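Take a look at the structure below.
Just so it is clear, none of the values below were taken in a lab; they were calculated from the coordinates. On a predicted model such as this, the values are computed, not experimentally measured, just so you know. Using ideal geometry, Cβ is built from the backbone for each residue, glycine included, and neighbour counts are taken over all protein chains shown.
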Amino acid sequence: MENKERLILITNDDGMHAVGLKKLISIAETFGKVFVIAPDREMSGAGHSLTLRSVIRMCQMQENYYIVEGSPCDCINMAMWYLLDRKPDLVLSGMNNGWNIGEDTLYSGTVAGAMEGAIHHVPSIAFSCKNAVPEALEAAGEIIDKIIKQVVKNGMPKHSFLNVNMPAPPFKEFRITALSAKKHKNIVVEKSDPRGETYYWLARAEPAYHPNENSDISALQAGYVSITPLTIDITDYKAIEKLTEWHF
């Protein structure tokens, strides 16, 4: 397919004005026509959520740029089912400020945006970097370009998508990885507002990683770009074999 015919759908979870999104758009524009639809505010931790019990408001910023009061999944669905006249050829999500690795992928709005693309049978990639500072974003551009070229050339298996994480530059090329295990210490912080009423913040201490040789965190800590293939099929096939031995 010629570049002028390729349609690339882009979203993120840091909001329309995030610097990581702007960098991703600039790279994607070299591969085809870009259509951008992103949340109106930061939606980190939104996971694979849909807005079902309240209205979704959307406004057009400029041609092919839309901002949505909702999650990254809302954005992808609004584009797929309402705004676009055909299915895109590629879905990109990011570039997130901060890694999305290990169990954090279950909470990540960035990863969810790419997963929603895979649900629609579109090759999809989620991009995250350690810190979205100018030096890191500039270095990430070459990495993103290489990965998009490979996905465009080779496609993706049905229902699979890529979760790409980048360390602080300089990078040591790529490693194909699995999700790492992490042990979080979640903290509930209790506060009082000016009226004396109690409210709470969900906080998180620095996680303890349990890396193995093939894990995303091991690659990142060694300075490599981590590419983790994920799938929307979360069936535990080993457990199926085990459960057949049970007597219900």
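Compare the peptides 151-158, 8-15 by average per-residue count of other Cβ atoms within 10 angstrom and give them in order, highest first.
For the peptides 151-158, 8-15, the packing ranking is 8-15, 151-158.
Would you kindly derive the ³J(HN,Hα) couplings of region 71-80 from the backbone phi angles with the Karplus curve 6.51 cos²θ - 1.76 cosθ + 1.60 (θ = phi - 60°), listing them in order in whole Hz, with x for Gly and Pro?
8, x, 5, 4, 4, 4, 5, 4, 5, 5
Arranged by the count of other C-beta atoms within 10 angstrom, fewest first, what order do 68, 19 take?
Arranged by neighbour count, lowest to highest, 68, 19 become 19, 68.
What does the C-alpha gyration tensor say about the overall shape of region 1-57? Classify as rounded when a/c is under 1.5, otherwise prolate if a/b is larger than b/c, or oblate.
prolate
Taking only Cα atoms and a 10 Å spring cutoff, compute GNM fluctuations for the chain and point out the largest among 166, 95, 43.
With Cα springs under 10 Å in the chain, the top fluctuation among 166, 95, 43 is at 43.
Extent of region 129-235 along each principal axis, from alpha carbon coordinates, in Å, largest to smallest?
So the three principal-axis extents are 59, 40, 26 Å.
Among the lysines, select those whose C-alpha is under 20 Å from the C-alpha of residue 130, and discard any that sit fewer than 8 residues away in the same chain.
Answer for residue 130, where 20 Å is the Cα cut-off: 22, 23, 146, 172, 182, 183, listed by chain and number.
Using DSSP to define loop residues, name the GluC sites (Glu not before Pro) in region 148-221 whose beta-carbon has at most 12 other beta-carbon atoms within 10 Å.
Loop-located and lightly packed - 173, 197, 213.
Could you give each residue of region 146-155 its phi-based ³J(HN,Hα) in whole Hz, using Karplus coefficients 6.51, -1.76, 1.60 with θ = phi - 60°, and x for Gly or Pro?
5, 5, 4, 4, 5, 5, 4, 6, 9, x
Give a residue-ordered list of calculated ³J(HN,Hα) values for region 132-140 (Karplus: 6.51 cos²θ - 1.76 cosθ + 1.60, θ = phi - 60°; whole Hz; x for Gly, Pro).
Using θ = phi - 60°, the values come out as 7, 9, x, 4, 5, 5, 5, 5, 5 Hz.
Classify the chain: rounded, prolate or oblate, from the alpha-carbon gyration tensor (a ≥ b ≥ c, eigenvalue square roots; a/c under 1.5 rounded; otherwise prolate if a/b is larger than b/c)?
Judged from the Cα gyration tensor, the chain comes out rounded (a/c under 1.5).
What is the antiparallel percent of DSSP beta bridges lying wholly in the chain, to the nearest 5?
Rounded to the nearest five, the antiparallel share is 45 percent.
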